[in-house]
Amino acid sequence: MRSRFYADLHIHSRYSRACSRDCDLEHLAWWAARKGIAVVGTGDFTHPAWSQELAEKLVPAEPGLFRLRPDLERDVLRTLPASCRTVTRFMISSEISTIYKRGDRTRKVHHLLYAPTREATGAITAALARIGNLAADGRPILGLDSRDLLEITLAGGPGCYLVPAHVWTPWFAVLGSKSGFDAVEDCYVDLAGEIFALETGLSADPEMFWRISGLDRYRLVSNSDAHSPPMLGREATAFTCELDYFAIEAALRGGDGFAGTIEFFPEEGKY
């Protein structure tokens, strides 16, 4: 039987608004080890200063994953309790806020982007930098249609994918009642088939999704959306696949190796 591990793939760096100054890689690795989280998203890969830190502090680990540089990793591990001295892996990730007009309505949709290499993130970042100011916020706001953001993500290369973020939140989500759509297909139109997973978000849980048969084809993931390191793991996704980026992607696409989510009860969610 394959061992189970947990991933928290929606977090933010200290370069995002309203986020702790402790949202650096060392604190994230320390808290992930304390919480038993094997893989953590880096968040904010489009931000130039954070991207530079990722390049300086992370080294390749398993395919598509990264770990702290050996000297930094040693410093983190020696301050942990003996039972928690495990190496944290990082997956390169970012959240993008798109605000645009479609169908005479203003749409506001948040998306999670993932890429397995620095070259892929560089290509995505370069394309997005031509559209808006990426240095203003770790979670940039871009006047870009969701469908076009998905196209840019896919053009980053093999393994790049997009997951709609916290899909039920009213103001900033693909199915949000205030500024979203009635169906995922309406948002991503001809590229909707490239969406294979949805993030439940803090204010929803799988039981809410299971009431709508049109969402049955999507894998449901959950993450903490942490704005400070101690919030890591308040929601997370479980896997039984190999510990590498491409195995995680395959588990989300096909289901084999996907083991469900850890959910914060919706009544305590942000909305």
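The values are calculated or read from the model by the stated rules, or taken from the named source; none is laboratory data. Source: prediction; values computed, not measured. FYI the Cβ positions are ideal-geometry reconstructions off the backbone, even for glycines, and counts take in every protein chain you see. Each accessible area value is taken on the protein alone, full model and side chains, heavy atoms only, with ligands, DNA and RNA left out. Shrake-Rupley method; radii C 1.70, N 1.55, O 1.52, S 1.80 Å.
The residues in segment 201-229 that are surrounded by fewer than 20 Cβ atoms within 10 Å (Cβ to Cβ) and in a helix (DSSP H, G or I) can be counted, and the count is 7.
Taking only segment 130-185 into account, find how many residues are open to solvent by less than 10 Å² (accessible area, probe 1.4 Å), farther than 23 Å from Gly41 by Cα and not polar (S, T, N, Q). Count: 3. Reported count of residues in segment 24-45, each being part of a loop (DSSP other than H, G, I, E, B) and either within 24 Å of Leu77 (Cβ to Cβ) or touching an Asp or Glu at 6+ places or on another chain (Cβ under 9 Å) (or both), is 7.
Here is a check on your reading of the model: is Leu198 open to solvent by less than 60 Å² (accessible area, probe 1.4 Å) and either acidic (Asp, Glu) or in a loop (DSSP other than H, G, I, E, B) (or both)? Against the criterion (open to solvent by less than 60 Å² (accessible area, probe 1.4 Å) and either acidic (Asp, Glu) or in a loop (DSSP other than H, G, I, E, B) (or both)), Leu198 does not qualify. Residues in segment 42-65 that are under 21 Å from His227 (Cα atoms) and not polar (S, T, N, Q): 11 in all.
The set of residues in segment 256-265 that are open to solvent by 50 Å² or more (accessible area, probe 1.4 Å) and outside any strand (DSSP E or B) comprises Asp256, Glu263, Phe264, Phe265. Residues that are crowded, with 19+ Cβ neighbours inside 10 Å, touching a Ser or Thr at 6+ places or on another chain (Cβ under 6 Å) and in a loop (DSSP other than H, G, I, E, B) do not occur anywhere in segment 238-255. Taken over segment 141-191, the criterion of being more than 19 Å from the chain's Cα centre (by Cα) and on the phi > 0 side of the Ramachandran plot is satisfied by Val189 alone.
Just to be sure, is Ile152 touching a helix residue (DSSP H, G or I) at 6+ places or on another chain (Cβ under 7 Å) and in a helix (DSSP H, G or I)? Against the criterion (touching a helix residue (DSSP H, G or I) at 6+ places or on another chain (Cβ under 7 Å) and in a helix (DSSP H, G or I)), Ile152 qualifies. Among the residues here, Arg21 does not qualify as surrounded by fewer than 20 Cβ atoms within 10 Å (Cβ to Cβ), touching a residue at least 60 places away in the same chain (Cβ under 8 Å) and not in a strand (DSSP E or B). Each residue in segment 54-81 was checked for being part of a helix (DSSP H, G or I), under 24 Å from Gly159 (Cα atoms) and of a type outside the set (A, V, I, L, M, F, W, C), and 2 of them qualify. Annotation note: of Asp190, Asp182, the sole residue that is of a type in the set (D, E, K, R), farther than 18 Å from Thr261 by Cα, out of contact with any helix residue (DSSP H, G or I) (no Cβ under 6 Å at 6 or more places or on another chain) and part of a loop (DSSP other than H, G, I, E, B) is Asp182.
Hey, any hits in segment 68-76 for a residue that's within 30 Å of Arg130 (Cβ to Cβ), touching a helix residue (DSSP H, G or I) at 6+ places or on another chain (Cβ under 6 Å) and of a type outside the set (S, T, N, Q)? No, that holds for no residue. From the list Asp216, Asp225, which residue is in contact with a strand residue (DSSP E or B) (Cβ under 9 Å, 6 or more places away or on another chain), acidic (Asp, Glu) and over 20 Å from Asp145 (Cα atoms)? Just a single option satisfies the conditions, and that option is Asp225. Across segment 24-66, what is the number of residues that are in contact with a strand residue (DSSP E or B) (Cβ under 9 Å, 6 or more places away or on another chain), open to solvent by less than 70 Å² (accessible area, probe 1.4 Å) and within 23 Å of Tyr6 (Cα to Cα)? So the answer is 24. As for segment 95-104, it holds no residue that is open to solvent by less than 50 Å² (accessible area, probe 1.4 Å), in contact with a strand residue (DSSP E or B) (Cβ under 9 Å, 6 or more places away or on another chain), among the small types (Gly, Ala, Ser) and over 27 Å from Leu149 (Cα atoms). Checked against (1) under 27 Å from Glu185 (Cβ atoms); (2) in a loop (DSSP other than H, G, I, E, B); (3) touching a Leu at 6+ places or on another chain (Cβ under 9 Å), Leu134 passes all but a single condition, namely (1).
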